[in-house]
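A short worksheet on the structure shown next.
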Amino acid sequence: IRARAVTGALEASTGSGSIGVAQLAGAGRVETGSGSVRIGDVDGDVDATTGSGSIAIDRLRGGRVSTNTASGSQRIGVAEGTALKVDANSVSGRVTSELGQVSDGEGFARTAEVVARSISGGITFRRA
């Protein structure tokens with residue numbers, strides 16, 4: 001499943017195959033049993049789930065994102081000027097962050113929140 005620019009609500013699901021969205025401004029729910037999820041630019045609320053596959057968000061500008069993989073890595077890029085509140089856990093993978101630590105989020109134009117869960121796969125946060 002492929003989409004270029006989505007404004008408003010998006011719901012996409014596949015049993016076996018990947019989902020790619022270039023830009024999402026609004027609320028989205030994407031799910032695949034066996035395949036990857038990739039969203040280029042996000043400004044809104046997203047719920048992304050894969051059974052066996054990776055999740056990548058290239059640039060998170062704002063909103064609340066929930067990601068869940070049973071077996072697969074997660075990579076989340078956070079836009080410059082966006083503060084991030086993170087709740088991440090991987091049972092048998094590493095959670096790493098290349099973001100600096102800020103206690104109050106002051107000085108940022110936007111705020112985003114991510115809840116990321118993985119059973120077997122790493123979770124990485126980086127500046128985009």
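The values are calculated or read from the model by the stated rules, or taken from the named source; none is laboratory data. Fair warning: this is a prediction, and the values are worked out from it, not measured in the lab. All Cβ positions, glycine included, derive from the backbone under ideal geometry; neighbour counts span all protein chains shown. Each accessible area value is taken on the protein alone, full model and side chains, heavy atoms only, with ligands, DNA and RNA left out. Shrake-Rupley method; radii C 1.70, N 1.55, O 1.52, S 1.80 Å.
What to note about this one:
- Considering all different alpha carbon pairs of the chain, the Kirkwood hydrodynamic radius works out to 14.3 Å.
- Fraction of accessible area attributable to carbon and sulfur, the chain (%, probe 1.4 Å): 44 percent
- Average accessible surface for the chain: 51 Å² per residue, computed with a 1.4 Å probe over protein heavy atoms with every protein chain in place.
- Relative packing of 51-61, 118-128, which averages over residues the other C-beta atoms within 10 Å, highest first: 51-61, 118-128
- Amide N of region 22-62 lying under 11 Å from the label point, which is placed 7 angstrom from the Cα of R2 along Cα→Cβ: 22
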